[in-house]
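Read the structure below first, then the notes.
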Amino acid sequence: MVKKAFVLVADGSEEIEFVTVYDGETGFEYVFLLSRGVKIIPDIQNLDPEAQLPNLIVLPGGAPGAKAFEESNAVSKFINRAHNEGVYIGAICAATKALVRFGAEGGWKAKVTSHPSVQEAVVKGGWEYAQDRVVIDGKVITSRGPGTSLLFALTLVETLCGREKREEVEGPMITASEL
């Protein structure tokens with residue numbers, strides 16, 4: 001069965017964190033929502049909080065993009081609905097801070113990591129914080145920043161599709177751990 005992933009992109013989203021998550025070899029069916037003027041053409045221009053939920057929702061970082069997510073009531077409603085219905089939610093870099101707002105509104109928290117620039121806000125929000133490059137807590141998967149994008153993406157693949165699929169995708173990449 002093909003897994004579906006929604007990758008939200010806002011004006012100011014970090015390109016490497018968006019693009020690294022996308023890989024046609026994963027077996028995911030990707031749907032891109034929202035955009036900014038970087039020649040990323042989204043499949044959907046406006047987020048419908050009542051849309052059918054995918055298996056995974058990813059929020060790339062980048063301070064301006066993360067702030068746009070955090071300020072969006074539609075994204076908050078969508079993420080909280082996804083959390084309540086058991087959908088995997090991935091956030092990297094500054095986007096983890098948006099999860100703090102969404103969780104406060106939805107009554108949930110998770111153990112997370114983020115870019116150091118938003119660590120204080122995450123901790124002030126009452127969330128458990130870890131310095132690990134990727135943190136998985138239930139169905140919330142977070143990562144630190146652009147340099148951890150590949151590990152984050154491979155963790156998403158493994159979590160949703162299994163170790164074998166991760167190894168299939170990772171092998172041809174010649175990742176740093178293989179050098």
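Some notes on this structure:
- Flag for Glu158 being more than 16 Å from Ala5 (Cα to Cα) and in a helix (DSSP H, G or I): no
- When the test is whether a residue is among the hydroxyl-bearing types (Ser, Thr, Tyr), on the phi < 0 side of the Ramachandran plot, at pLDDT 95 or above and open to solvent by less than 10 Å² (accessible area, probe 1.4 Å), Thr26 does not pass it.
Conditions (1) β-branched (Val, Ile, Thr); (2) within 23 Å of Asn46 (Cα to Cα); (3) surrounded by 18 or more Cβ atoms within 10 Å (Cβ to Cβ), marked per residue:
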| position | (1), (2), (3) |
| --- | --- |
| Phe78 | no, yes, yes |
| Ala94 | no, yes, yes |
| Arg101 | no, yes, yes |
| Ala110 | no, no, yes |
| Ser114 | no, no, yes |
| Val122 | yes, no, yes |
| Glu128 | no, no, no |
| Leu160 | no, no, yes |
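- Residue check for Gly61: more than 23 Å from Val2 (Cβ to Cβ), out of contact with any strand residue (DSSP E or B) (no Cβ under 7 Å at 6 or more places or on another chain), of a type outside the set (A, V, I, L, M, F, W, C) and surrounded by 23 or more Cβ atoms within 10 Å (Cβ to Cβ): no
- Test: residue in region 155-166 that is closer than 14 Å to Gly61 by Cα and under 11 Å from the mean Cα position of the chain (by Cα): no
- Region 146-164, residues that are touching a residue at least 12 places away in the same chain (Cβ under 8 Å) and either touching a helix residue (DSSP H, G or I) at 6+ places or on another chain (Cβ under 6 Å) or at positive phi (or both): Pro146, Ser149, Leu154, Val157
- Checked against the criterion of being under 12 Å from the mean Cα position of the chain (by Cα) and either touching a residue at least 12 places away in the same chain (Cβ under 8 Å) or more than 20 Å from Ala176 (Cβ to Cβ) (or both), the candidates Lys139, Lys124 yield just one match: Lys139.
- Taken together, the criteria place Ile141 among residues that are aliphatic (A, V, I, L, M) and within 15 Å of Pro60 (Cα to Cα).
The values are calculated or read from the model by the stated rules, or taken from the named source; none is laboratory data. Note that the coordinates shown come from a computational prediction; the quantities given were computed from them, not determined experimentally. So basically every Cβ, Gly included, is an ideal-geometry build from the backbone, and we count neighbours across all protein chains shown. Calculation scope for accessible area: heavy atoms of the full protein, side chains included, ligands and nucleic acids excluded. Shrake-Rupley method; radii C 1.70, N 1.55, O 1.52, S 1.80 Å.
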